[in-house]
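Inspection log for the structure reproduced underneath, given as structure tokens.
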Amino acid sequence: MTQLQSTAEAGAASPSPASDGTPAGRNSGPARSGTSGSAAPAEARSLLATAWLRIRRSKIALLSLCAVVAIMLFAILAPALSALSGNDPFTSNTSPEVLDDFQTPGLPLPGYMYPSAQHWLGVEPGLGRDLFARLAYGGQVSLTIALLSTAVSVVLGTVLGAAAGYFGGKTDAIISRIMDLFLAFPHLLLVLSLTPILQSRLRDTPLGEGSFLPMASLVIILGFFGWAYLARIVRGQVLSLREREFVEAARSFGASHISVLFRQIIPNVMGVVLVYATMLIPTNISAEAALSFFGVGVKDPTPSWGQMLNAAQSGNWYLSDPWFLAVPGAMLIVTVLAFNLLGDAVRDALDPKASRH
């Protein structure tokens, strides 16, 4: 520090002349843009602005982002798109003009099995309901369950992980043991066994009315059992943040522990939380599809992509009508792939060790 001060004093005592011969102490006017000595000030960017700049430079990231936005709009606009197609997801059509009555009863006739002007993706076997309308409304149900359960997991994991890392001691020990307990159980088997029990408990509550029962039970189950891994990640980040200067400064100004936790600590781990959330959404989409496929999730007539897969295999319709299985299966694959690629892009964009250009 002494050497830096002496150097600064020497520079101030003997100013160097300007390049054009004008003394340094004389006003030489505004600097020209072409002068080599004038450097443009560095542009300050926030973490999200820097991440967005990196995502825009990646073709795969932009493609996955566009795919995710398109899928979300497809689900949100399900009522409008179904009305535009002239069909709804619940009306059955079992007339002999639509479904076969002789060779394979219930199988759609060739003019209704595949996309047409009247039915954009054909009709499903057995009940003759419009596949496009059920796919759109099914995306609405599947994405709603995935997003809400992800929100529950993120809130629980962030708060509990931050509390464990910040307070330490007995609080850290108790929360860490609970994390270990949750991570020790086989996730899918636990969800499969507890979902029917929870649904029976919710039947006499406002959440047990109509189609809300399977959706509410899946949100609670997937959200409650998906927070432990994020909490462990957040805890590790907070252990290094709690001794930083800005945290000590907040404490010295009399901020309470709750204020420091929610205003100083948690905002500084949101990058990690955002990355985990983008990776957890496709996991919950796949989990909802698996549970509905096994018959403990969304049930007919409420459409979801997993329920449509279950309907395709329950009556062995996929053998005579593989299109009925391919439509929800392809939509599920594209959605999970798009979210996974977007999660990878967000992780790379928020990586502080990545090169900045």
Kindly indicate which of ARG263, ARG242 is out of contact with any strand residue (DSSP E or B) (no Cβ under 7 Å at 6 or more places or on another chain) and closer than 24 Å to ARG177 by Cβ.
ARG242
Any hit, segment 229-249, residues being over 18 Å from the mean Cα position of the chain (by Cα), of a type in the set (Gly, Ala, Ser) and farther than 26 Å from LEU274 by Cα:
yes
Would you please list the contacts, defined by Cβ atoms under 6 Å and residues six or more apart or on different chains, that run from a residue in segment 87-106 that is among the hydroxyl-bearing types (Ser, Thr, Tyr) to a residue that is at pLDDT below 90 and open to solvent by 80 Å² or more (accessible area, probe 1.4 Å)?
none
Qualifying helices (runs of 4 or more DSSP H) (wholly inside segment 283-357; at least 1 residues being in contact (Cβ under 8 Å) with a residue 60 or more places away in the chain and loosely packed, with under 15 Cβ neighbours inside 10 Å)
322-349
In segment 238-270, what residues are among the hydrophobic types (A, V, I, L, M, F, W, C) and open to solvent by 80 Å² or more (accessible area, probe 1.4 Å)?
PHE253, ILE258, PHE262, MET270
Please specify each residue of segment 200-220 satisfying the condition of being without any contact (Cβ under 8 Å) to a residue 60 or more places away in the chain and surrounded by 19 or more Cβ atoms within 10 Å (Cβ to Cβ).
LEU213, ALA216, SER217
Condition set surrounded by 24 or more Cβ atoms within 10 Å (Cβ to Cβ) and not in a loop (DSSP other than H, G, I, E, B), scope segment 117-134, selection farthest from the chain's Cα centre (by Cα): answer is VAL123
Residues of segment 209-239 satisfying the condition of being over 20 Å from GLY161 (Cβ atoms) and of a type outside the set (A, V, I, L, M, F, W, C)
GLU209, GLY210, SER211, PRO214, SER217
Within segment 166-189, does at least one residue satisfy the condition of being surrounded by fewer than 24 Cβ atoms within 10 Å (Cβ to Cβ) and over 24 Å from VAL234 (Cα atoms)?
yes
Within segment 66-88, the residues that are open to solvent by less than 50 Å² (accessible area, probe 1.4 Å) and either touching a Gly at 6+ places or on another chain (Cβ under 8 Å) or assigned to a helix (DSSP H, G or I) (or both) are ALA67, VAL68, ILE71, PHE74, ALA75, ALA78, LEU81, SER82, SER85
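The values are calculated or read from the model by the stated rules, or taken from the named source; none is laboratory data. Just so you know, these numbers come straight off a predicted model, no measurement behind them. Counting neighbours? That spans all protein chains shown, and the Cβs are built from the backbone with ideal geometry, glycine included. Keep in mind that these areas ignore ligands, DNA and RNA; they rest on the heavy atoms of the full protein, side chains included. Shrake-Rupley method; radii C 1.70, N 1.55, O 1.52, S 1.80 Å.
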